[in-house]
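To keep things clear, I will list the structure first and then write my remarks on it.
What follows draws every value from the coordinates through simple rules; no lab data is involved. Because the structure is a prediction, the values reported are computed rather than measured. Glycine gets a Cβ as well: all are built from the backbone with ideal geometry, and neighbour counts include every protein chain shown.
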């Protein structure tokens with residue numbers, strides 16, 4: 001991942017509605033949800049939501065697939081994990097063992113944190 005891609009992802013997630021939609025789709029995993037389900041679960045008008053889903057899709061955070069007359073959205077989990085890796089790649093100047101104290105304070109799963117030396 002490069003800075004341009006990371007910036008696009010962060011800009012896309014800067015909206016509370018888009019962040020909520022992305023988190024909801026991450027929670028659903030590979031099954032995703034159709035747009036109407038997303039709107040219902042987030043208590044949003046479908047027209048308002050479609051603008052936000054389009055933005056997330058253009059940023060690469062979501063994929064969309066036509067299912068008859070419905071659109072199914074899925075979070076791009078590999079991209080999310082790549083972003084986490086991008087942010088933590090050089091944690092503590094490339095010596096993640098220096099960050100052990102921060103690991104203990106984090107609610108982040110150890111599996112996605114940088115590997116210990």
Specify the residue with the greatest mean-square fluctuation among 46, 59, 93, computed from a Gaussian network of the chain linking alpha-carbon atoms under 10 Å apart. 93
Over the chain, with a Gaussian network built from C-alpha contacts below 10 Å, which listed residue (40, 12, 107) shows the highest mean-square fluctuation? 107
In degrees, nearest 10, the alpha-carbon axis of helix 3-12 is tilted away from the dominant principal axis of the alpha carbons of the chain by 50 degrees
Computed over segment 3-75, the convex hull of the Cα set has an average projected area, in nm², of 4.5 nm²
Rough spin-label spacing in nm, given labels placed 7 Å along Cα→Cβ, for residue 19 and residue 65: 3.0 nm
Extension gain (nm, one decimal) between residue 3 and residue 92, 0.36 nm per residue minus Cα-Cα: 30.1 nm
Full-extension gain between residue 101 and residue 58, please, as 0.36 nm times their residue separation minus the C-alpha to C-alpha distance. 11.7 nm
Could you work out how much longer the chain between residue 27 and residue 47 gets when fully extended? Use 0.36 nm per residue separation minus the Cα distance between them, nm to one decimal. 4.9 nm
Considering only 20, 43, 31, give the residue with the highest GNM mean-square fluctuation for the chain, with springs between Cα atoms whenever their separation is below 10 Å. 43
